[in-house]
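J.: Please find one structure pasted underneath; my questions will follow.
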Amino acid sequence: MKRYELRCIACGHVSPFSLRRIFCERCGDLLEVRVEASEVFNREKLLGRVNSMWRYVELLPDFRRPVTMGEGMTRLVRCERLADALGVRELYVKLEGMNPTGSFKDRGISVGVTVALEAGARRVICASTGNTSASLAAYAARAGIECVVLIPKGRIASGKLFQARLFGATICEVSGSFDDALRIVLGRAEEMGAYVLNSVNPWRLEGQKTTAFEIWEQLDGSLGINVVVPVGNAGNISAIWKGFEELRDYGLTDEVPRMIGVQSSGAAPLARMFAKGADSPEWVESPQTVASAIRIGRPINWKRAVRTVRSSGGSIYSVDDHEILEAMRLMATTEGIAAEPAGAAPIALLKSGVESGLLPRDETYVCIATGHHLKDPDPAHVSWNVPVPFEQYLERVTGRS
Ligand code: F0G
């Protein structure tokens with residue numbers, strides 16, 4: 001048995017329960033799902049369960065049969081060569097690109113579309129820098145409902161746009177940034193009769209918290225670690241922290257990780273806020289970065305993210321674009337593991353953070369590689385390696401001309 005409550009993240013007020021509610025009835029801030037479960041999983045109970053995030057069903061909203069494609073249970077890969085190259089004691093990379101549409105979004109969208117059906121929705125909508133639109137398009141197709149996505153015109157990676165088109169979403173281009181697209185979605189969804197599935201939707205974060213459950217299971221419960229997460233709208237880092245908190249609250253762990261966020265320096269309102277020791281962020285009006293997934297200037301979940309890093313003893317930092325591209329190269333060439341630029345940002349932070357003494361070497365790091373490298377196959381990202389004529393190569397290795 002489960003009991004759900006929708007509690008405001010700012011004033012703590014509990015709003016009347018509705019699967020369609022996004023904002024607090026009292027102060028208008030965002031809501032968090034609080035789940036009270038009479039029974040919870042443990043490591044023995046999990047043996048033999050479905051190999052997807054739905055194995056953690058006791059803490060997931062299974063109001064009806066889930067809309068699922070086997071999302072979650074992505075590989076947590078130990079990276080010794082990369083750890084040596086970075087100079088850290090122990091490093092794992094969680095390959096979220098292994099999800100059905102190639103990003104962590106599938107976790108939240110699987111739950112989100114399931115809840116949307118239960119709420120009676122026939123049309124779902126989101127604003128997106130690319131991955132949410134690809135994921136929502138696919139899960140809406142599987143559920144047999146209509147999907148509308150708003151994207152910043154000309155600013156999303158080719159693989160993601162291809163996916164949204166392929167899965168049959170209606171794609172509306174908006175001039176401006178992701179932040180402008182999200183503002184339109186929040187302002188217009190109701191009159192369109194559309195169910196909003198951006199990370200303002202509290203149910204989406206319930207899916208994304210499963211990343212924490214998996215890390216706990218995959219590391220045999222040893223959570224004295226640092227978890228490094230790229231931050232855009234700041235939903236994912238907060239969702240993962242919620243998962244760790246639930247593990248602690250249900251007595252499944254005593255220790256919880258330190259949560260470290262990373263933004264790109266051209267889109268870093270939260271990193272700047274922490275660097276200055278300010279209480280609230282200054283928005284970035286025209287965010288710029290090669291990591292288009294996190295090209296966001298007004299992270300709507302910023303309050304959740306601040307609470308996350310403060311309660312876990314972490315922080316949010318920034319890295320430059322050239323460091324992100326170098327991290328992609330390093331991951332790929334030392335481990336054969338790759339990610340789209342946003343997904344490589346945690347490795348970039350680890351490199352610069354360890355070099356500058358910001359991050360301790362003698363610890364364990366789990367970096368969340370949030371999206372698949374083929375999402376954004378821009379030749380400019382691999383300008384360090386260009387094809388050569390075979391004869392030229394032969395000359396080089398044989399020394400003959
Ligand atoms: N990494 C990737 C690959 C993403 O696509 C996103 C967000 C993030 C990290 C940041 O996650 O927003 O929860 O802090 N992409 C969204 C989208 C905004 O529309 O696909 P966040």
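The values are calculated or read from the model by the stated rules, or taken from the named source; none is laboratory data. Everything numeric here is computed off the predicted structure, so don't read it as measured data. Don't worry about glycine lacking a Cβ; one is built from the backbone with ideal geometry, like all the others, and counts go over all protein chains shown. Side chains included, ligands, DNA and RNA excluded: accessible areas come from the protein's heavy atoms. Shrake-Rupley method; radii C 1.70, N 1.55, O 1.52, S 1.80 Å.
J.: Among the residues of segment 101-151, how many are hydrophobic (A, V, I, L, M, F, W, C), within 12 Å of the ligand (Cβ to nearest atom) and not in a helix (DSSP H, G or I)?
T.: So the count comes out to 6.
J.: Out of segment 165-184, which residues are more than 12 Å from residue 127 (Cβ to Cβ) and touching a strand residue (DSSP E or B) at 6+ places or on another chain (Cβ under 9 Å)?
T.: Hits for segment 165-184 are 165, 167, 168, 169, 170, 175.
J.: Please determine, by comparing only the residues of segment 316-339 that are assigned to a strand (DSSP E or B) and open to solvent by 20 Å² or more (accessible area, probe 1.4 Å), which one is farthest from residue 376 (Cα to Cα).
T.: So, considering only residues that are assigned to a strand (DSSP E or B) and open to solvent by 20 Å² or more (accessible area, probe 1.4 Å), the one farthest from residue 376 (Cα to Cα) is 317.
J.: Give me a count of the residues in segment 351-399 that are touching a Leu at 6+ places or on another chain (Cβ under 7 Å) and away from the ligand (no atom under 16 Å from the Cβ).
T.: 5
J.: Here's another thing I want to ask about it. Return a yes/no flag: does segment 276-294 have any residue that is surrounded by fewer than 22 Cβ atoms within 10 Å (Cβ to Cβ) and assigned to a helix (DSSP H, G or I).
T.: Looking through segment 276-294, at least one residue is surrounded by fewer than 22 Cβ atoms within 10 Å (Cβ to Cβ) and assigned to a helix (DSSP H, G or I).
J.: So, one more: If I ask for residues that are of a type outside the set (A, V, I, L, M, F, W, C) and in a loop (DSSP other than H, G, I, E, B), which ones from segment 295-310 would you list?
T.: Once the filter is applied, which keeps residues that are of a type outside the set (A, V, I, L, M, F, W, C) and in a loop (DSSP other than H, G, I, E, B), segment 295-310 yields 295, 297, 298, 299, 301.
J.: Taking into account only those residues within segment 245-257 that are in contact with a strand residue (DSSP E or B) (Cβ under 8 Å, 6 or more places away or on another chain) and not acidic (Asp, Glu), which is most open to solvent (accessible area, probe 1.4 Å)?
T.: Here the answer is 250.
J.: Looking at (1) more than 13 Å from the ligand (Cβ to nearest atom); (2) surrounded by fewer than 24 Cβ atoms within 10 Å (Cβ to Cβ); (3) farther than 23 Å from residue 299 by Cβ, can you tell me which one residue 163 breaks?
T.: The number of the failed condition is (1).
J.: For residue 252, are the conditions met, namely being in contact with a Gly (Cβ under 8 Å, 6 or more places away or on another chain) and either within 16 Å of the ligand (Cβ to nearest atom) or charged (D, E, K, R) (or both)?
T.: no
J.: Scan (1) under 23 Å from residue 212 (Cβ atoms); (2) out of contact with any strand residue (DSSP E or B) (no Cβ under 9 Å at 6 or more places or on another chain) for the single condition residue 38 breaks and write down its number.
T.: (2) is the only condition that residue 38 fails.
J.: Tell me which residues, restricted to segment 200-231, are among the small types (Gly, Ala, Ser) and open to solvent by less than 10 Å² (accessible area, probe 1.4 Å).
T.: Passing the criteria: 207, 212.
J.: Sticking with this one: Six or more apart or on different chains, Cβ atoms under 6 Å: show the pairs whose first residue is in segment 101-129 and at positive phi and whose second is open to solvent by 10 Å² or more (accessible area, probe 1.4 Å) and part of a loop (DSSP other than H, G, I, E, B).
T.: Listed pairs, sorted by first residue: 102/372.
J.: Hand me the list of strands (runs of 3 or more DSSP E) wholly inside segment 19-100 holding 1 or more residues that are farther than 30 Å from residue 1 by Cα and open to solvent by 80 Å² or more (accessible area, probe 1.4 Å).
T.: Passing ranges, in order: 76-78.
J.: While we're here: Considering only segment 1-58, state which residues are under 26 Å from the mean Cα position of the chain (by Cα) and on the phi > 0 side of the Ramachandran plot.
T.: 12, 28
J.: Give 276, 209 a once-over and let me know the one that is basic (Lys, Arg) and touching a Gly at 6+ places or on another chain (Cβ under 7 Å).
T.: 209
J.: With the condition kept exactly as written, say whether any residue in segment 220-228 is more than 22 Å from residue 321 (Cα to Cα), in contact (Cβ under 8 Å) with a residue 12 or more places away in the chain and outside any loop (DSSP other than H, G, I, E, B).
T.: Yes, segment 220-228 contains at least one residue that is more than 22 Å from residue 321 (Cα to Cα), in contact (Cβ under 8 Å) with a residue 12 or more places away in the chain and outside any loop (DSSP other than H, G, I, E, B).
J.: So residue 237 passes all but one of these: (1) more than 9 Å from the ligand (Cβ to nearest atom); (2) on the phi < 0 side of the Ramachandran plot. Which condition number does it fail?
T.: Going through the list (1) more than 9 Å from the ligand (Cβ to nearest atom); (2) on the phi < 0 side of the Ramachandran plot, residue 237 breaks only (1).
J.: Testing residue 199 on (1) under 22 Å from residue 237 (Cα atoms); (2) of a type in the set (Gly, Ala, Ser); (3) in a helix (DSSP H, G or I), one condition comes back false. Which one is that?
T.: It fails just one condition, (3).
J.: More than 18 Å from residue 364 (Cα to Cα) and in contact (Cβ under 8 Å) with a residue 24 or more places away in the chain: which single residue out of 333, 308 fits that description?
T.: 308
J.: Something else: Could you list all residues from segment 356-379 that are surrounded by fewer than 18 Cβ atoms within 10 Å (Cβ to Cβ) and touching a residue at least 40 places away in the same chain (Cβ under 8 Å)?
T.: Within segment 356-379, 358, 361, 362, 363, 374, 377, 378 qualify.
J.: Further question on the same structure: Within segment 264-311, work out how many residues are hydroxyl-bearing (Ser, Thr, Tyr) and more than 15 Å from the ligand (Cβ to nearest atom).
T.: Selection size over segment 264-311: 4.
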